[in-house]
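Below is one structure, written out as C-alpha cells; comments come after it.
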Amino acid sequence: MPSVPPLEISVVLLIAAAGFFAGVQNALAGGGSFITFPALLLAGLNPLAANMTSTIAMFPSQTTSAVAGRKLAGDVGPLTFRQMFAISVAGGVVGALLLLNTPASFFARLVPWLVLFATSMFAWGSFRRQPLHAASAMPRWTLVLVQSCIAVYGGYFGGGIGFLMLAALTIAGQQVRAATATKNVLAMAMNAAATLIFATSHLISWPAALALCAGGIAGGLCGAWLIHRLPEKVMRTFVVLVGATLTVWMFMR
C-alpha cells in the first residue's frame, strides 16, 4: 500500500538543498535535524515518516564525523568505551522499535513536545556560560541509566542528543575534546541501529532520503571548509530560531 507521497523533481531539489544546509550546520555546530525534519514535513511527509527518513539520510555524514574523531574517543568514568557503545546500540534498537510501533497520529501529537525539548537542550548547551566539565565523576549505575535513556531517545527521535550526551560525558569525567569525539561515535551507534530497523519500513521516502544524503555529504564538506571562517554563534542562534519556530508551528497545526 502507498505510504509516502511521490515527490516532484523541484521538491527533491529543495530537499537536497535542505540536506546541504543541514550538513553545513552539523559540521559547524550541530542541530541539522532541525533543518531536515521541517523540510520533509513541508514536502508532504507525515511526522513519523519524516523522522525515519531524516535519520536514514543523515547517517552517512554522521559516520564520517565519528570515524574522523575515533582516536580521541575513550572510556567514560567507570565504564569502558565498548560498554558505552553497547549501551548506545541497545538503546537505539529499543527507541527505533518503539517508534515503529507508535501510531502516526500519536507521534504527530507528541512531536511538538519532542521538538520543544530538543530545542531547549540545544539552546542550553549552546549558550550556557559555565563549562560542562565537572570535577566529580558520575556513579556507574547513574551513567548506565543516563546513557540508556539518551540512547532510547536517540533511536526514537534524536533531536538534541548531542548536547545531552556532551553534558553526561563531561559530568562523568571526560574532557570536552574527548567527550565531543565520544559523543559522535555513540550517536553514530544509536543511529546505526535505528537506520537498520527503519530501512525495512514502508514509511521511508527513498527519493527524499537520497536527496538529503547527497546534500548532507556536500554540506559536510563545505562545513569543514567554513568551520574557521563563519562565527559558530551565528549558526547556533539560527538553529535555536528554527527550532523555536518549528515548535510553535507544530503546536498550532
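Things worth noting here:
- Pair-distance distribution of the stretch 1-116: all C-alpha pairs, bin width 10 Å, starting at 0; shares per bin in whole percent are 11, 35, 35, 15, 3, 0.
- Each label was represented as a point 7 Å from its Cα along the Cα-to-Cβ direction; for S201 and T245 these points are 2.6 nm apart.
- Computed extension length for A218-R140: 24.1 nm, one decimal, from 0.36 nm per residue of separation with the Cα-Cα distance subtracted.
- Whole-percent pair-distance distribution, where bins are 10 Å wide, for the alpha carbons of the stretch 9-252: 8, 33, 39, 17, 2, 0
FYI, it's all coordinate maths here, none of it is from the lab. Computed from a predicted model, the values in this text were never measured in an experiment. Every residue, glycine as well, gets a Cβ built from its backbone with ideal geometry; the counts of neighbours run over all protein chains shown.
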